[in-house]
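Shown below is the structure under consideration.
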Amino acid sequence: MWSDQFMAIIHVYFDESGKKGDHPVVTFSGVGASQDRLLNFNEAWTQLLGEYELPYLHMADALRPSRKLSDKIPKQQVSERIAVLKRFADCLNAHLEVGLIQALDVRGFNAMSEDARARLGNAQDPYYIAFTRSLIELAHFGLPEDRITLICDDDAETAWTCYQHYRAVRRVHGLVRKKTVGLCFADDKHFPALQAADMVAVLARLEARRLFYGVPHSYVELLRYLTSGEMLWKVLLADEPQMRALSDALDKP
(Lines give C-alpha, C1' and ligand atoms only; values in the text may rest on other atoms or scores of the structure.)
Protein backbone atom coordinates (compact mmCIF):
# COMPACT_ATOMS: atom_id res chain seq x y z
CA MET A 1 0.00 0.00 0.00
CA TRP A 2 2.84 2.38 0.76
CA SER A 3 4.09 2.30 -2.85
CA ASP A 4 0.65 3.37 -4.10
CA GLN A 5 1.28 6.79 -2.62
CA PHE A 6 4.01 7.38 -5.20
CA MET A 7 2.11 6.49 -8.32
CA ALA A 8 1.72 9.17 -10.97
CA ILE A 9 -1.55 10.07 -12.62
CA ILE A 10 -1.02 10.69 -16.34
CA HIS A 11 -3.70 12.91 -17.84
CA VAL A 12 -4.17 12.43 -21.61
CA TYR A 13 -6.31 14.83 -23.62
CA PHE A 14 -7.91 13.82 -26.94
CA ASP A 15 -9.61 15.52 -29.84
CA GLU A 16 -10.83 14.38 -33.23
CA SER A 17 -10.71 15.94 -36.68
CA GLY A 18 -12.97 14.84 -39.50
CA LYS A 19 -16.35 13.12 -39.38
CA LYS A 20 -16.99 9.76 -41.02
CA GLY A 21 -19.82 11.09 -43.18
CA ASP A 22 -18.02 14.26 -44.25
CA HIS A 23 -14.32 13.44 -44.64
CA PRO A 24 -12.22 10.65 -46.19
CA VAL A 25 -10.02 10.45 -43.10
CA VAL A 26 -10.91 10.46 -39.40
CA THR A 27 -8.30 11.32 -36.79
CA PHE A 28 -8.33 10.86 -33.04
CA SER A 29 -5.17 12.20 -31.45
CA GLY A 30 -4.00 13.16 -28.00
CA VAL A 31 -1.30 14.55 -25.73
CA GLY A 32 -0.58 13.85 -22.09
CA ALA A 33 1.61 14.38 -19.06
CA SER A 34 1.73 13.93 -15.33
CA GLN A 35 -0.03 16.49 -13.14
CA ASP A 36 3.06 18.59 -12.34
CA ARG A 37 4.14 18.85 -15.96
CA LEU A 38 0.59 19.55 -17.03
CA LEU A 39 0.32 22.48 -14.63
CA ASN A 40 3.50 23.98 -16.08
CA PHE A 41 2.17 23.41 -19.59
CA ASN A 42 -1.14 25.11 -18.80
CA GLU A 43 0.69 28.16 -17.46
CA ALA A 44 3.05 28.39 -20.45
CA TRP A 45 0.24 27.88 -23.00
CA THR A 46 -1.93 30.48 -21.30
CA GLN A 47 0.96 32.95 -21.40
CA LEU A 48 1.33 32.36 -25.14
CA LEU A 49 -2.38 32.93 -25.67
CA GLY A 50 -2.11 36.18 -23.73
CA GLU A 51 0.92 37.29 -25.71
CA TYR A 52 -0.98 36.78 -28.96
CA GLU A 53 -4.27 38.14 -27.55
CA LEU A 54 -6.09 34.87 -28.20
CA PRO A 55 -8.89 33.55 -25.96
CA TYR A 56 -7.92 30.03 -27.08
CA LEU A 57 -6.24 28.33 -30.05
CA HIS A 58 -8.57 26.77 -32.64
CA MET A 59 -6.45 25.00 -35.21
CA ALA A 60 -8.95 25.09 -38.09
CA ASP A 61 -8.79 28.90 -37.91
CA ALA A 62 -5.07 29.08 -37.18
CA LEU A 63 -4.22 27.14 -40.37
CA ARG A 64 -5.89 29.82 -42.51
CA PRO A 65 -3.17 32.45 -42.77
CA SER A 66 -5.49 34.78 -44.66
CA ARG A 67 -7.65 34.97 -41.53
CA LYS A 68 -6.80 37.50 -38.82
CA LEU A 69 -6.79 35.79 -35.43
CA SER A 70 -6.07 38.87 -33.31
CA ASP A 71 -4.27 42.21 -33.48
CA LYS A 72 -1.06 40.28 -32.75
CA ILE A 73 -1.76 37.66 -35.43
CA PRO A 74 -2.96 39.52 -38.53
CA LYS A 75 -3.39 38.08 -41.99
CA GLN A 76 -0.04 36.46 -42.79
CA GLN A 77 1.97 34.43 -45.22
CA VAL A 78 2.03 30.68 -44.54
CA SER A 79 5.63 30.88 -43.34
CA GLU A 80 4.72 33.61 -40.87
CA ARG A 81 1.78 31.63 -39.51
CA ILE A 82 3.99 28.55 -39.16
CA ALA A 83 6.48 30.62 -37.16
CA VAL A 84 3.72 31.54 -34.71
CA LEU A 85 2.44 27.98 -34.41
CA LYS A 86 5.96 26.63 -33.84
CA ARG A 87 5.96 28.49 -30.54
CA PHE A 88 2.90 26.48 -29.49
CA ALA A 89 4.65 23.32 -30.70
CA ASP A 90 7.64 24.26 -28.55
CA CYS A 91 5.30 24.59 -25.59
CA LEU A 92 4.06 21.03 -26.09
CA ASN A 93 7.54 19.60 -26.35
CA ALA A 94 8.85 21.54 -23.38
CA HIS A 95 6.19 20.32 -20.96
CA LEU A 96 4.22 17.31 -22.18
CA GLU A 97 5.37 13.70 -22.26
CA VAL A 98 3.41 11.61 -24.74
CA GLY A 99 1.48 12.17 -27.95
CA LEU A 100 -0.72 9.87 -30.03
CA ILE A 101 -1.29 10.55 -33.73
CA GLN A 102 -3.98 8.37 -35.27
CA ALA A 103 -5.63 8.64 -38.67
CA LEU A 104 -7.89 6.00 -40.23
CA ASP A 105 -9.17 5.84 -43.79
CA VAL A 106 -12.97 5.94 -43.93
CA ARG A 107 -13.28 4.01 -47.21
CA GLY A 108 -11.13 1.25 -45.77
CA PHE A 109 -13.22 1.17 -42.63
CA ASN A 110 -16.42 0.89 -44.66
CA ALA A 111 -14.93 -2.10 -46.48
CA MET A 112 -14.34 -4.04 -43.27
CA SER A 113 -16.52 -7.08 -42.70
CA GLU A 114 -19.24 -7.12 -40.07
CA ASP A 115 -17.39 -9.88 -38.23
CA ALA A 116 -14.22 -7.80 -38.13
CA ARG A 117 -16.11 -4.81 -36.76
CA ALA A 118 -17.75 -7.05 -34.17
CA ARG A 119 -14.31 -8.12 -32.94
CA LEU A 120 -13.51 -4.42 -32.51
CA GLY A 121 -16.50 -3.83 -30.27
CA ASN A 122 -19.11 -3.43 -33.02
CA ALA A 123 -17.54 -0.12 -34.00
CA GLN A 124 -19.72 1.82 -36.44
CA ASP A 125 -17.18 4.60 -36.93
CA PRO A 126 -13.36 4.53 -37.25
CA TYR A 127 -13.32 7.07 -34.41
CA TYR A 128 -14.11 4.28 -31.94
CA ILE A 129 -11.38 1.99 -33.26
CA ALA A 130 -8.90 4.81 -32.64
CA PHE A 131 -10.39 5.41 -29.20
CA THR A 132 -10.05 1.73 -28.27
CA ARG A 133 -6.50 1.60 -29.60
CA SER A 134 -5.65 4.65 -27.49
CA LEU A 135 -6.72 2.83 -24.34
CA ILE A 136 -4.50 -0.14 -25.17
CA GLU A 137 -1.50 1.99 -26.18
CA LEU A 138 -1.72 4.09 -23.02
CA ALA A 139 -1.93 1.00 -20.84
CA HIS A 140 1.67 0.30 -21.86
CA PHE A 141 2.88 3.86 -21.18
CA GLY A 142 4.65 4.89 -18.00
CA LEU A 143 5.59 2.85 -14.97
CA PRO A 144 3.54 -0.16 -13.81
CA GLU A 145 2.22 1.81 -10.85
CA ASP A 146 1.18 4.83 -12.94
CA ARG A 147 -2.48 5.40 -13.75
CA ILE A 148 -4.13 7.04 -16.76
CA THR A 149 -7.09 9.38 -17.10
CA LEU A 150 -8.58 10.32 -20.47
CA ILE A 151 -10.17 13.70 -21.15
CA CYS A 152 -11.91 14.02 -24.51
CA ASP A 153 -13.28 17.08 -26.23
CA ASP A 154 -17.00 17.08 -25.53
CA ASP A 155 -19.04 15.99 -28.55
CA ALA A 156 -22.69 15.01 -28.30
CA GLU A 157 -22.30 12.54 -31.18
CA THR A 158 -19.48 10.51 -29.66
CA ALA A 159 -19.35 10.95 -25.87
CA TRP A 160 -21.83 8.28 -24.81
CA THR A 161 -20.51 5.66 -27.25
CA CYS A 162 -16.94 6.41 -26.12
CA TYR A 163 -18.00 5.71 -22.57
CA GLN A 164 -19.55 2.40 -23.63
CA HIS A 165 -16.35 1.38 -25.44
CA TYR A 166 -14.30 2.45 -22.42
CA ARG A 167 -16.33 0.17 -20.15
CA ALA A 168 -16.22 -2.71 -22.64
CA VAL A 169 -12.45 -2.58 -23.15
CA ARG A 170 -11.82 -2.41 -19.40
CA ARG A 171 -13.97 -5.51 -18.90
CA VAL A 172 -11.91 -7.68 -21.25
CA HIS A 173 -8.41 -6.16 -21.04
CA GLY A 174 -6.76 -6.58 -17.65
CA LEU A 175 -3.96 -4.08 -18.14
CA VAL A 176 -6.34 -1.39 -19.40
CA ARG A 177 -8.55 -2.07 -16.38
CA LYS A 178 -5.55 -1.71 -14.07
CA LYS A 179 -4.03 1.40 -15.63
CA THR A 180 -7.05 3.54 -16.61
CA VAL A 181 -8.89 5.22 -13.77
CA GLY A 182 -11.10 7.84 -15.39
CA LEU A 183 -12.80 9.16 -18.50
CA CYS A 184 -14.44 12.56 -18.84
CA PHE A 185 -15.44 15.11 -21.48
CA ALA A 186 -14.68 18.82 -21.47
CA ASP A 187 -14.86 22.06 -23.45
CA ASP A 188 -11.55 22.76 -25.19
CA LYS A 189 -11.95 26.50 -24.74
CA HIS A 190 -11.14 26.03 -21.06
CA PHE A 191 -8.41 23.37 -21.26
CA PRO A 192 -5.09 24.20 -22.95
CA ALA A 193 -4.21 20.52 -23.40
CA LEU A 194 -7.42 19.96 -25.38
CA GLN A 195 -6.39 22.84 -27.64
CA ALA A 196 -3.03 21.11 -28.05
CA ALA A 197 -4.81 17.86 -28.92
CA ASP A 198 -6.85 19.77 -31.50
CA MET A 199 -3.59 21.06 -32.98
CA VAL A 200 -2.27 17.51 -33.34
CA ALA A 201 -5.54 16.06 -34.66
CA VAL A 202 -5.97 18.65 -37.41
CA LEU A 203 -2.36 18.31 -38.57
CA ALA A 204 -2.71 14.52 -38.51
CA ARG A 205 -5.77 14.64 -40.76
CA LEU A 206 -4.03 16.93 -43.27
CA GLU A 207 -0.99 14.66 -43.33
CA ALA A 208 -3.07 11.50 -43.73
CA ARG A 209 -4.94 13.04 -46.65
CA ARG A 210 -1.58 13.88 -48.24
CA LEU A 211 -0.20 10.37 -47.75
CA PHE A 212 -3.39 8.46 -48.56
CA TYR A 213 -4.82 10.59 -51.38
CA GLY A 214 -2.05 12.89 -52.54
CA VAL A 215 -3.83 16.02 -51.30
CA PRO A 216 -1.11 18.61 -50.63
CA HIS A 217 -1.07 20.90 -47.62
CA SER A 218 1.18 23.71 -46.45
CA TYR A 219 1.97 22.47 -42.94
CA VAL A 220 4.19 19.41 -43.43
CA GLU A 221 7.05 21.42 -41.93
CA LEU A 222 5.01 22.27 -38.84
CA LEU A 223 4.02 18.65 -38.19
CA ARG A 224 7.58 17.45 -38.61
CA TYR A 225 8.79 20.19 -36.30
CA LEU A 226 6.20 19.24 -33.68
CA THR A 227 7.04 15.54 -33.73
CA SER A 228 10.84 16.00 -33.71
CA GLY A 229 10.96 17.33 -30.14
CA GLU A 230 11.32 15.67 -26.76
CA MET A 231 7.89 14.05 -26.51
CA LEU A 232 7.30 10.34 -27.12
CA TRP A 233 5.07 10.04 -30.18
CA LYS A 234 3.01 6.97 -31.07
CA VAL A 235 1.75 7.09 -34.66
CA LEU A 236 -0.85 5.09 -36.59
CA LEU A 237 -1.72 6.17 -40.13
CA ALA A 238 -3.94 3.40 -41.50
CA ASP A 239 -4.81 3.81 -45.18
CA GLU A 240 -7.40 1.76 -47.09
CA PRO A 241 -5.12 -1.26 -47.80
CA GLN A 242 -4.12 -1.40 -44.12
CA MET A 243 -7.75 -1.25 -42.99
CA ARG A 244 -8.67 -4.05 -45.41
CA ALA A 245 -5.69 -6.10 -44.19
CA LEU A 246 -6.86 -5.60 -40.61
CA SER A 247 -10.31 -6.83 -41.57
CA ASP A 248 -8.86 -9.94 -43.26
CA ALA A 249 -6.70 -10.68 -40.22
CA LEU A 250 -9.66 -10.39 -37.86
CA ASP A 251 -11.77 -12.67 -40.11
CA LYS A 252 -9.28 -15.54 -39.88
CA PRO A 253 -10.47 -18.35 -37.58
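Do you know which residues across the range 114-154 are among the aliphatic types (A, V, I, L, M), closer than 24 Å to residue 252 by Cα and part of a loop (DSSP other than H, G, I, E, B)?
Across the range 114-154, the qualifying residues are 120, 123.
Here's another thing I want to ask about it. Only one of these conditions is not met by residue 55: (1) within 30 Å of residue 147 (Cα to Cα); (2) in a loop (DSSP other than H, G, I, E, B). Which number is it?
Among (1) within 30 Å of residue 147 (Cα to Cα); (2) in a loop (DSSP other than H, G, I, E, B), residue 55 violates only (1).
Only one of (1) charged (D, E, K, R); (2) at pLDDT 95 or above; (3) in contact with a helix residue (DSSP H, G or I) (Cβ under 8 Å, 6 or more places away or on another chain) is not met by residue 43, so which one is it?
Residue 43 satisfies every listed condition except (3).
Checking residue 133 against (1) modelled with pLDDT of 90 or more; (2) under 13 Å from the mean Cα position of the chain (by Cα); (3) not polar (S, T, N, Q), which single condition isn't satisfied?
(1)
Can you tell me how many residues within the range 208-253 are crowded, with 18+ Cβ neighbours inside 10 Å, assigned to a helix (DSSP H, G or I) and within 17 Å of the chain's Cα centre (by Cα)?
Number satisfying all stated conditions: 5.
Just to be sure, is residue 177 closer than 26 Å to residue 240 by Cα and among the charged types (D, E, K, R)? Give the steps one after another, and end with the answer.
Details: closer than 26 Å to residue 240 by Cα: no; among the charged types (D, E, K, R): yes.
No.
Here's something else I'd like to know. Which one is modelled with the lowest pLDDT, of the residues in the range 69-125 that are among the polar types (S, T, N, Q) and touching a Ser or Thr at 6+ places or on another chain (Cβ under 7 Å)?
Narrowing the range 69-125 to residues among the polar types (S, T, N, Q): 70, 76-77, 79, 93, 102, 110, 113, 122, 124.
Next cut, touching a Ser or Thr at 6+ places or on another chain (Cβ under 7 Å) only: 102, 113.
Details: 102: 93, 113: 89.
Step by step, filter the range 69-125, then rank; the result is 113.
Confirm whether residue 182 is farther than 25 Å from residue 47 by Cα, among the small types (Gly, Ala, Ser) and part of a loop (DSSP other than H, G, I, E, B). Can you show your working first?
Values: farther than 25 Å from residue 47 by Cα: yes; among the small types (Gly, Ala, Ser): yes; part of a loop (DSSP other than H, G, I, E, B): no.
Spelling it out, it is not the case that residue 182 is farther than 25 Å from residue 47 by Cα, among the small types (Gly, Ala, Ser) and part of a loop (DSSP other than H, G, I, E, B).
Residues checked against (1) exposed (fewer than 12 other Cβ atoms within 10 Å of the Cβ); (2) within 21 Å of the chain's Cα centre (by Cα); (3) among the hydroxyl-bearing types (Ser, Thr, Tyr):
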{"site": "49", "(1), (2), (3)": "no, yes, no"}
{"site": "55", "(1), (2), (3)": "yes, no, no"}
{"site": "62", "(1), (2), (3)": "no, yes, no"}
{"site": "65", "(1), (2), (3)": "no, no, no"}
{"site": "68", "(1), (2), (3)": "no, no, no"}
{"site": "75", "(1), (2), (3)": "no, no, no"}
{"site": "81", "(1), (2), (3)": "no, no, no"}
{"site": "86", "(1), (2), (3)": "no, yes, no"}
{"site": "92", "(1), (2), (3)": "no, yes, no"}
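A follow-up question, please. Looking at (1) part of a loop (DSSP other than H, G, I, E, B); (2) among the hydrophobic types (A, V, I, L, M, F, W, C); (3) touching a strand residue (DSSP E or B) at 6+ places or on another chain (Cβ under 9 Å), find the lone condition where residue 14 falls short.
Here residue 14 meets the rest and fails (1).
Show the residue pairs meeting these rules: Cβ distance below 7 Å; 6+ apart or different chains; first residue within the range 72-83 and in contact (Cβ under 8 Å) with a residue 12 or more places away in the chain and closer than 17 Å to residue 59 by Cβ; second residue aromatic (Phe, Trp, Tyr) and in a helix (DSSP H, G or I).
Once the first residue is in contact (Cβ under 8 Å) with a residue 12 or more places away in the chain and closer than 17 Å to residue 59 by Cβ and sits in the range 72-83, no partner that is aromatic (Phe, Trp, Tyr) and in a helix (DSSP H, G or I) comes close enough.
Inside the range 2-30, can you point out the residues that are at pLDDT below 90 and under 18 Å from residue 111 (Cα atoms)?
Scanning the range 2-30 gives 19, 20, 21, 22, 23.
Still on this structure, please answer the following. Residues to consider are 60, 94, 44; find the one that is part of a helix (DSSP H, G or I), on the phi < 0 side of the Ramachandran plot and without any contact (Cβ under 8 Å) to a residue 60 or more places away in the chain.
On the way: 60 fails: without any contact (Cβ under 8 Å) to a residue 60 or more places away in the chain; 94 fails: without any contact (Cβ under 8 Å) to a residue 60 or more places away in the chain.
So the residue among 60, 94, 44 that is part of a helix (DSSP H, G or I), on the phi < 0 side of the Ramachandran plot and without any contact (Cβ under 8 Å) to a residue 60 or more places away in the chain is 44.
The values are calculated or read from the model by the stated rules, or taken from the named source; none is laboratory data. Because the structure is a prediction, the values reported are computed rather than measured. All Cβ positions, even for glycine, are placed from backbone atoms using ideal geometry, and neighbour counts span all protein chains on display.
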